[in-house]
1. Just the Cα atoms of the range B:122-219: what Rg and Dmax do they give in Å?
2. Would you tally the net charge around C:TYR150, using a Cβ to Cβ cut-off of less than 10 Å, leaving C:TYR150 out, and scoring K and R as +1, D and E as -1?
3. May I ask you to sort A:TYR171, C:TYR275 by Cβ crowding, counting other Cβ atoms within 10 Å and putting the fewest first?
4. On a 0 to 90 degree scale, rounded to 10, what angle separates helix B:195-219 from the longest Cα axis of chain B?
5. Taking the Cα centre of the range A:3-80 as origin, sum charge times position over the Cβ atoms of Lys and Arg (+1) and Asp and Glu (-1), and report the length of that vector in debye to the nearest 20.
6. Taking the protein assembly as shown on its own, what percent of its Cα-Cα pair distances exceed 34 Å?
7. Once a ≥ b ≥ c are taken as the square roots of the eigenvalues of the Cα gyration tensor of the range A:67-226, is the result rounded (a/c under 1.5), prolate (a/b larger than b/c) or oblate (a/b not larger than b/c)?
8. Is chain B best put as rounded, prolate or oblate by its Cα gyration tensor, with a ≥ b ≥ c the root eigenvalues, rounded for a/c under 1.5, and otherwise prolate when a/b is larger than b/c, oblate when not?
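Computed from the coordinates by the stated procedures, all read-outs in this text should not be read as laboratory data. The shown structure was predicted, so the numbers you read here are calculated from the model rather than taken from an experiment. Positions of Cβ are generated from backbone atoms using ideal geometry, with glycine treated the same way; all protein chains shown enter the neighbour counts.
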Amino acid sequence: MSFTLHNYVLSGNCYKIRLMASLLNVTYESIAVDFHPGQEHKSEPLLQLNPAGTLPVLTTTDGTVLTETQAMLVWLAQQHDPSNSWWPVHSKPQITRVVQWLGFASRLTATVGELRLHSMLNKPVNVTAVKTGAKVVLRELESHLTEQRINNLQWLTGDTPTVADIACFPYTALSPDAGIEHDDYPAIRRWLHRLRSLPGFITMPGIYELHELRKPDGYTVSDATL
Amino acid sequence: MTTQPVGLSIDLAPQQVMRAIDGQYDMAVWRSTSGVVSAWENRCPHRGMRLSYGFVRGESLACAYHGWHYSCEGYCHYIPAHPELTPPKTVRPVLYSVVEQSGLIWVNTEQDAMPVALPDDLQPVRSLVIECDLATAVQALDTRQPHGGVESLSDTPKIITFETGGISQGAVVAIQQSQPNRLIVHMLVQSAVTAKDKIALSRLIESVRRQAESACNEAT
Amino acid sequence: MNGIEHALEYWYPIAMHNELSNGQTRRARLLEKELLLSGGANDSLTVTCNERPLALQSAFDHWWVTLSENPLPLFTIPEADEAERRFVPCGVVRVACSPLRAVENFLDIAHFPFVHTDVLGAEPHTEVYKYDVKIDESKDEVIASNIRFYQPQAAKSAEGGIETEYIYRVPAPMVAILYKTCPQKADAMDVIALFVQPLDEQTCDVWPWMALYDDTSTMADLIQFQQLIFLQDRSILENQIPRKLPLDPGLEIPTRADLTSISYRRWLKKRGAYYGALENC
């Protein structure tokens, strides 16, 4: 066990850490926090751990407490990716781009993420503001991924995935939960599909596995048409 | 009803499904593993699930809800809950006519799809949604023309050639009128253009979108 | 004919016990009416509609409200009186679907391998074997029994795959109760219920509730297991068209695996429970 994660199954930010850990094949101890309906993240024991009252919270074996999701992704890659590809320390230009998109990920949480909590759990938010914000953010991501495609680059910052892709993935993929379909965003659709194809990919509610990749025993697709 | 361009071919890779909306028609458009494109009514006949949420296995589209498998001809041929059952031929969504030509996917919901003939060697730039009416969008495109208004290749669907400053060949813009205030603009360009120029075009069309949507918002 | 008069005769979940503290208020919607909930002393609650106080009763860790002066009696769950069970209210989730579609999906097992992959089902174990459905005439409930299905992780407490037995009860149009094999207690069945609060014909708030034998999992673990399952269903429910449930066969084609759904639709039609159902069906 390399760390402990205070975790909530429906949180896109918690899922970032679960997904990154799975892609890096890292095991950890998960502690379920009753975010809804219990509001346990706002309870005194959790506030003592993280005064911001947010999830996830990552505690390393040496006792360091991380409360910012994007920092947790960087920590995981630094500790557990000997190839240095997820946190590309050997490329100064690329790592600058990675940090740019880690910042962008927070805007996804603040718009799509908030709208999703409103749609699902009736969280009071300024619906018009987060809806408008979500469209702005998704359009920016779509345009960037379009330009990457024109340059024959598959991922947000280059030709391999980094922590930036993981940071931006969950709330983009979960936008239908908030009533925003992916219909208008072809480049985003292709990038989501590519990410879901990675070895070690795991799901969360609202993000399904690619059933097309599953090879079920005892059943072969019949190409014969009727 | 006319034949509408619903997407760029490159935006629908093998084993992918997308949704296309044309007026009151809601469609699942998908490409099989071998590359065959189909456009269907976006509704599984079993329990009404949108087929655009489905997944492609081999030459079949399967519904996300119960995994019912449909062949490229639309017939259900496998129901996982009853592996031995041969489904009746009545289990079939409505199929629409679809053709791929000039890097675009063309659909007609009422008769055979008849794509508009476009110049050879077109390369895709991008598709993007503009939330405004057709006249406002065309007006915004007009203002970006160094030599006056855009030239139409077709009025239904609206397809125009677009002069692009500094880039020798013009672009082609095919506009799908998805819904009254929702256009999907498919931009293509002749193949000699560099990646840098394609990106310039992509940013230009975004700028056109900002202008058109803001004009549309002011009007309402 | 949208059946609202019929729907008004029932009790609906509106809040969990102890959800509102003394003096706290919250707005809610039920059958297109705006309600105001006010917490009182000693975990009490009052609910008003246009300043008219509504009848309330407490059951299954929830408050139940009715808009009727002369409502039908609330259904019963005998297992709610078994003190050794753990009672788990799981909060509320909003879904943009007909309340009847939410109930029908809960009665369906054939979707498990595709929607709850590797938890409640997995290919190639997709076959739905013959099971029994009847209308219990004394209680006027739909009962489905003898349902068996292979499940990779049937419950939070399950270790590895088991063949699970299911029994379903539908005691009211917007309530479904499931009894399933308890991984920890061979002679008992876990109870999982879905209580649906209809906001209107195409939007509902869903309150899952469980009565389990499980003395190992934490409460947060149990709630999150149920939320994992229900939120996987949510994206299906929001993408079924038409949004309202068709009651007559014809628009949607069922198979033998859909026997519970077929009986549920017939039972709704017979009692005139058209709220959330497709008109002229």
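1. 12.5, 39
2. Once all neighbours under 10 Å are counted, the net charge is -1.
3. Numbers: A:TYR171 29, C:TYR275 26.
By the 10 Å Cβ count, ascending, the order reads C:TYR275, A:TYR171.
4. The angle comes out near 90 degrees.
5. On the way: 3 positive and 6 negative charges, 46 e Å.
Charge dipole, the range A:3-80, about its Cα centre: 220 debye, nearest 20.
6. Details: 135728 of 263901 pairs.
The share of Cα pairs beyond 34 Å in the protein assembly as shown comes to 51 percent.
7. Numbers: a/c = 1.59, a/b = 1.08, b/c = 1.47.
Oblate.
8. Prolate shape, in that a/c is at least 1.5 and a/b is the bigger ratio.
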